[in-house]
Amino acid sequence: MQPELRHLRYLQAVADRGNFTRAAQDLHVSQPTLSQQIQQLERGIGAQLLDRTGRSVRLTDAGQAYLEHAHRALQELAAGQRAVHDVTDLSRGHLRLALTPTFTAYLVAPLIAELHTHHPGITVTVREMSQDSMEGQLLADELDLGIAFDQPHRQGIAATTLFTETLVVVAGASNPVRRLTGKTVERQPLALITTDFATRGHIDAYFAEHRITPRISLEANSIQALIEIVRHTPLVTVLPDAIAAHHPQLRPVTLEPPLPTRTVTLLTHEGTYQTAAARAFTRLIREYVSQTMPLAEGDTPGIRQ
């Protein structure tokens, strides 16, 4: 018997759940039917794929090896289905987009507005996540595009340069602080984004490079929360310049030496099929950033692996 698509999906479900009952519920089939189908698969390929002797069901070594290939086959079939249903005139389509959280505050809304204006039939799923999670989901074909920063990437990830972004220190309009140096910043209470943000990694790297021990009075995992807190307290914070420019109730604070710039990139899974929706969004974001965002001196748009 040759394995069929349902056999691969059934095996994947049991491996994920570690339990026939829960897998059957997810698949909307009876447990006896699921067990019978897995046994058919095992007989067809001549190997035991599941260890059923423990409290939970686990893959055997043969099952682990087989499922690695089966998982890739399922990914290719899913990509094929998207290709078949992809409409090149963009009267419909679906884009799966991820971005690191700071971009939510200033970049995603105008981009989605542009996409909706030009291609209203495209639906979009937007997710905030860390860059590491983003690259993993791109490689697993769970995302079409990601917006993140230029850094060493996982094998298989292609990064296209979009624009440069500068981090700046800002305070509330009534805050008397006008200038900070590497020494005086150690005495200034700070409100910073939490360490799970890529932005915080850049801030901490700056402090480490200049041997600054910051006085962190507050951490928040929300850009909007930081803005409101700084508006109403003596604390200062660090934000991307594009966010600060959109909030006139915040005032820039000069910092010497200045915080660094960083390169924003569009991430894709190298060599995989790109839907018409993803291609359209890529064109739109390139046009948008070429008109509104700066490139670093000596840098040019392009793809980096």
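The values are calculated or read from the model by the stated rules, or taken from the named source; none is laboratory data. Given the structure is predicted, the values throughout are model-derived calculations rather than measurements. A quick note on method: Cβ atoms are made from the backbone with ideal geometry, for glycine too, and the neighbour counts reach across all protein chains shown. Only protein heavy atoms, including side chains, enter the accessible area calculation; ligands, DNA and RNA are left aside. Shrake-Rupley method; radii C 1.70, N 1.55, O 1.52, S 1.80 Å.
Overview of results
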| read-out | value |
| --- | --- |
| For q = 0.27 Å⁻¹, Debye-computed log10 I/I(0) when each Cα of the range 175-233 counts as one equal scatterer | -1.26 |
| Ellipsoid equivalent to the range 130-215 - semi-axes via the Cα gyration tensor, in Å | 33, 14, 12 |
| Top positive-direction residue, dipole computed over the chain with Cβ charges, set LEU77, ALA276, LEU255 | LEU255 |
| Long-range tail of P(r) for the range 5-85 (Cα pairs > 19 Å, %) | 35 percent |
| log10 of Debye I(q)/I(0), alpha-carbon scatterers only, for the range 37-187 at 0.09, 0.19, 0.20 Å⁻¹ | -0.55, -1.23, -1.28 |
| Charged-residue dipole, Cβ positions (Lys, Arg, Asp, Glu), the chain about Cα centre, Debye nearest 20 | 560 debye |
| For HIS69, solvent-accessible area (1.4 Å; no DNA, RNA or ligand), Å² | 120 Å² |
| Where the Cα pairs of the chain fall when distances are cut into 10 Å bins, in % | 5, 22, 24, 20, 15, 10, 3, 0 |
| Fluctuation leader among ASP132, ASP26, ASP241 - the chain, Gaussian network, Cα springs under 10 angstrom | ASP26 |
